[in-house]
Structure formats: C-alpha cells, structure tokens
1. What order, most packed first, do the peptides 10-22, 49-61 have when packing is the mean number of other Cβ atoms within 10 Å of each residue?
2. With θ taken as phi - 60° and the coefficients 6.51, -1.76 and 1.60, list the Karplus ³J(HN,Hα) couplings across the range 7-15 in order, rounded to whole Hz; mark glycine and proline as x.
3. Can you compute the FRET efficiency between LEU17 and VAL48 using 1/(1 + (r/R0)^6), with r the Cβ-Cβ distance and R0 = 25 Å? Round to the nearest 0.05.
4. Under the 0.36 nm per residue contour assumption, what length would be gained going from the current alpha-carbon distance of ARG25 and ALA63 to full extension?
5. Out of residues 5 or more away from ALA75 or on other chains, whose amide H comes under 5 Å of its own, with H placed 1.01 Å from N in the peptide plane?
Amino acid sequence: MAALSAVVFTLSWWLGLYLLARDPRKPVLVLAAIGLTSFALAVALDDVHFADPSSWEALRYFARHLDDARLLVIARTSSSREA
C-alpha cells in the first residue's frame, strides 16, 4: 500500500507542476495544477526541537491558510542532542 501511495503522490505532484508550467495564463490549467499539487502536499520536518522562529512561523502560516488542503506534516525529534 505504501508503494501505491508513493506512486500516486509522485504522479499528482508531477502532473500538477507540468500543467502549471504548460500555460500559466489558462485558469483551468492553474486550477487543475493547484488541485493536484495540494492533493500531494507533504511536509517533512526533522529535529523540530532545533527549529528557529521563522520555521515555526512558516508552519503556522500553512496551518492557517491551507485548511481545505490535504496536508501531511511529519515531525521528528530526537531525545539526545548531537554535538
């Protein structure tokens, strides 16, 4: 199932960007591109305990403005601090 999800994610993202690059003046292509890329949007955060204030602000912006989008946020932190 994970392999199928990866394929769907990749195809949605690629097709959305392709449509946007094809002719950004056509509203139908722009709407289709936005739909496809928002379907496939994922954010991976690593070591969030080291995040600076601007990174947290960007995450807050996405949380406030993309409430209708399918957004996957993966955050990872470690228990030990590496030097």
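1. 10-22, 49-61
2. Per residue, the Karplus-derived 3J(HN,Hα) values read 5, 4, 4, 5, 5, 4, 5, 5, 5 Hz.
3. 0.40
4. 10.9 nm
5. LEU45
Laboratory data are not the source of any read-out in this text; all were calculated from the coordinates shown. Just so we're clear, the structure is a prediction, and the values are computed from it rather than from any experiment. Glycine also receives a Cβ, built like all others from the backbone with ideal geometry; neighbour counts cover every protein chain displayed.
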